[in-house]
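Data first, discussion second: the structure below is written as structure tokens.
The values are calculated or read from the model by the stated rules, or taken from the named source; none is laboratory data. These figures come from a predicted structure and were not determined experimentally. Using ideal geometry, Cβ is built from the backbone for each residue, glycine included, and neighbour counts are taken over all protein chains shown. Please note that ligands, DNA and RNA were not included when accessible areas were found on the heavy atoms of the full protein model with its side chains. Shrake-Rupley method; radii C 1.70, N 1.55, O 1.52, S 1.80 Å.
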Amino acid sequence: MYRLTDRFNKSLLAGLLLVFLAAGLRAEPEGQKGAAQEPVQATQMGSTAAAAGLFQDIEERSLSFSHSLDPARAGYYGLGEAATPEMIAGWDIDVRPDGQGLPPGSGTAEIGEPLYEKKCAECHGVFGEGAGRWPKLAGNEPLVGGGRPEKTVGNYWPYASTLWDYIHRAMPFLQPQSLTDSEVYAITAYVLYLNEIIEYDWELNQDNLATIAMPNRDGFFMDPRPDTRNVACMEGCKDPDTIKITWDSTRLGVTPVEHLQQSRATPLPGSAPQSGDKVYRQACGLCHDSGLGGAPAIGDKAAWAGRIAQGRELLIEHAINGFQGETGVMPPKGGQAQLSSDAVSAAVDYMLGRVGEG
Amino acid sequence: MTRHYNSETARLLGVIADEANKLPVSDRRDFLRKGVAMAGTAIAAATASGGALASNLPPNIPASNRSLGPGVVTNPYGQPSRFEGDVVRRTVPWLTANKISSISFSPLQELSGIITPNGLVFERYHAGVPTIDPSEHRLMIHGLVERPIVLTMDELMRFPSTSLIRFIECPANGGMEWRGAQMEALQFTHGMLSCCEWTGVPLSTLLQEVGAKPQGKWVLAEGADGAAMSRSIPIEKALDDTLVVFAQNGEALRPEQGYPVRLLNPGWEGNTSIKWLRRIEVGDKPWFHREETSKYTDLMPDGKARKFTWVQETNSVITSPCPEKPLRGRGRYELEGLAWSGRGRIKRVDVSFDGGVSWQQARLKGLVLPKALTRFSFEWSWKGNPALLQSRAIDETDYVQPTLTQLRQVRGVESIYHKNAIHTWKLAADGTVTNVQID
């Protein structure tokens, strides 16, 4: 949900932020207002946490925790097939900060640079600056202090292993788990280089990745909640004359509210055949709006010419079943397997129409 | 509207033809003649006016009393009435870069009771919804265990199962409003929240079966989606109430909710309840993967961030009235809302009509279950005065839902997640309701 903040940065006006800050300075702790409130017992928070079974500092506590599993009952149900070392090796992809799980391999930022530019820069920017609302990767601005920078690998991520693990398990966005281990090392090295954490020609490998000290490695601490102490005052809890509305959501007008005015007799979605442009927006626009992942951008006659020459039927077949082309990959049905073939055909026709082939 | 009545007519004629085919030939002609005449009457009545038909209101006999409807299995899997067409999940497009890694909101303003229908449970995907054939799905459990296993869905479902009604909530619910109110509808202020009856096998049963070793302190759960979504979960939770779920509200999980199998960590932030679960590994340390370092950590004003912020603390909101459900004139109303706590049962909910100056205790109605949505109610009479409506929940640990001011004093405004503050609706003299923040 990190992108929420991203948008938040852009959606709220700087002036409004100042209004809030000013309001915040005037605010008093709730507990100091009104005479009818009871003092909070000093022990209340602790006993609350204990009663709730909260695990403060669990990371540390768990080292001495002895759970109540009974080894004698292992295999009681006898269900399932034994997971062989080969099966486990194929699926066990996770990597930890101490390097456990890293496969053999190596790469430098120098090797990673062209890979990054081909497979990552479209969303993350050539210098890791991020494109649109896709995540920014590089930058070392302080996290607090007024600038409200985005969190990056350089200013936020505590472990280099997380970068390797995530690139390997989930990137590139359109083709997860398509990179070789050495490609992952090289791209990881390049992102670390973009954040000025390693040198351009330093070889990253399975033995030294865990030794990298990330700038924000000490930036995290265990959740201390509950961290507020409201009391259930019933009468005279505030001076009514001091209540001010500090924010009214309608001032910004940034949320979709058409449905608040809609008639209740709107037919259910999906009851009519889906139009090509609707399917396009739902399934195709992610890549074809911009040409992401080597897709021919909508309306780009040059990009479409070669495809059109192959004939509509073949384009539809590729759109339905998927296709690996020279410039990129077309996932089956744009990755939206629930779409009918007719819906995909309609979307293809819509895109053809946009280059004058309708 | 024309298309609708045409299809309605076609359907009605289909029904008539269907029934006619079951009659002897001699009776069929007569039946058809009467049936077509009846359908014609229905069309005439329906097209007479766009809105409510006077001919369907007392003292007239409504058309539904004078016609037939579709027969059984016309819809083998039933759908809501077409008049409920605006009860749908919605998203706020600018929240995310695209719909594949995004979130939608449940229409809390339209729901009754505490159960969220399966088709309305909020969605959160990191790589879209994978299509998984259950016959090809496997759950691997390995790591610090005596006997690593791979389970088919059939095998998983042979373990003794249990069913729990529990809420699931994204920790970013309300997170757009740390600095100020900007969501103009309840669906968007609180809709990253749903509650279902979940059926599955306790993870403790599976960990016992594989012989988890004493040095195993954490489990890694991993999904079969394009993000291979992963989270580290402490063994205390895994042995407490974590469930390996295959059904919701009586039927198989919906694809959006992890079909064929997902994790459920009751009371904890939703992203720990890994969907499309394919692998559980037992280890001695947490993995610190992307979703527990770069995301789902809470940045504090001093530049340090809280990690492993699992619990969804006590929260509540008034669902009627709300921006989508304004008041229609003066008189008596039942104010309703939802309260929930990731630490246990809701003990009490208070409501205020004056922005928190005075409070009155609401009534809890229906089931009051731990870590489940709990519905509260307060009967009142609106005299047409503007008001500032609030609700304040208290859970069984005596934790009192905080004010936004209190939360900001401790956490600043940068933490994105876990905003569980008392929420304020401004009720205007014309009955409209607006999302506001007060000081």
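What to note about this one:
- Residue tally, condition within 8 Å of chain A (Cβ to nearest Cβ) and assigned to a strand (DSSP E or B), over segment B:381-417: 4
- Residues that are within 14 Å of another protein chain (Cβ to nearest Cβ) and either surrounded by fewer than 20 Cβ atoms within 10 Å (Cβ to Cβ) or of a type in the set (Lys, Arg) (or both), drawn from segment A:91-120: A:Trp91, A:Asp92, A:Ile93, A:Arg96, A:Asp98, A:Gly99, A:Gln100, A:Gly101
- Selected residue [outside the structural domain of B:Leu164 (by TED's automatic domain parsing) and closer than 25 Å to B:Cys170 by Cβ] from B:Val87, B:Val72: B:Val87
- Failed condition for B:Trp359, given (1) under 30 Å from A:Thr242 (Cβ atoms); (2) free of Cβ contacts under 8 Å to residues at least 24 places away in the same chain: (2)
- Scanning segment B:234-254 for residues that are part of a strand (DSSP E or B) and more than 23 Å from the chain's Cα centre (by Cα) gives a single hit, B:Pro234.
- Residue within segment B:294-303 that is in the same structural domain as B:Ser204 (by TED's automatic domain parsing), buried (at least 20 other Cβ atoms within 10 Å of the Cβ) and on the phi > 0 side of the Ramachandran plot present: yes
- Count of segment A:136-179 residues which are open to solvent by 20 Å² or more (accessible area, probe 1.4 Å), at the interface with chain B (Cβ under 8 Å from one of its Cβ atoms) and not in a loop (DSSP other than H, G, I, E, B): 1
- Per this entry, B:Tyr333 is counted among residues that are modelled with pLDDT of 95 or more and outside any loop (DSSP other than H, G, I, E, B).
- Only listed residue being among the charged types (D, E, K, R), within 11 Å of chain A (Cβ to nearest Cβ) and open to solvent by less than 20 Å² (accessible area, probe 1.4 Å), chosen from B:Glu324, B:Glu281: B:Glu281
- Conditions (1) within 8 Å of chain A (Cβ to nearest Cβ); (2) hydrophobic (A, V, I, L, M, F, W, C); (3) under 23 Å from B:Leu373 (Cβ atoms); number of the one not met by B:Leu120: (1)
- Exactly one residue out of B:Ser106, B:Ser101 is modelled with pLDDT under 95, more than 7 Å from chain A (Cβ to nearest Cβ) and either in contact with a helix residue (DSSP H, G or I) (Cβ under 9 Å, 6 or more places away or on another chain) or at positive phi (or both), and it is B:Ser101.
- Selection over segment B:130-178 of residues that are under 21 Å from the mean Cα position of the chain (by Cα) and crowded, with 17+ Cβ neighbours inside 10 Å gives a count of 15.
- Residue check, B:Arg158 out of contact with any Cys (no Cβ under 7 Å at 6 or more places or on another chain), within 12 Å of another protein chain (Cβ to nearest Cβ) and without any contact (Cβ under 8 Å) to a residue 40 or more places away in the chain: yes
- Unique match (being within 22 Å of A:Pro172 (Cα to Cα) and open to solvent by less than 30 Å² (accessible area, probe 1.4 Å)) among A:Ala295, A:Ala343: A:Ala295
- Cβ-Cβ contacts under 6 Å between residues 6 or more apart (or on different chains), taken from a first residue in segment B:161-187 that is under 24 Å from B:Ala372 (Cα atoms) and more than 8 Å from every other protein chain (Cβ to nearest Cβ) to a second residue that is open to solvent by 10 Å² or more (accessible area, probe 1.4 Å) and β-branched (Val, Ile, Thr), are listed as B:Ser161/B:Thr199; B:Ser163/B:Thr199.
- Qualifying residues in segment A:180-227 (those that are among the aromatic types (Phe, Trp, Tyr) and either part of a helix (DSSP H, G or I) or open to solvent by less than 60 Å² (accessible area, probe 1.4 Å) (or both)) - the one nearest to A:Gln324 (Cα to Cα): A:Tyr185
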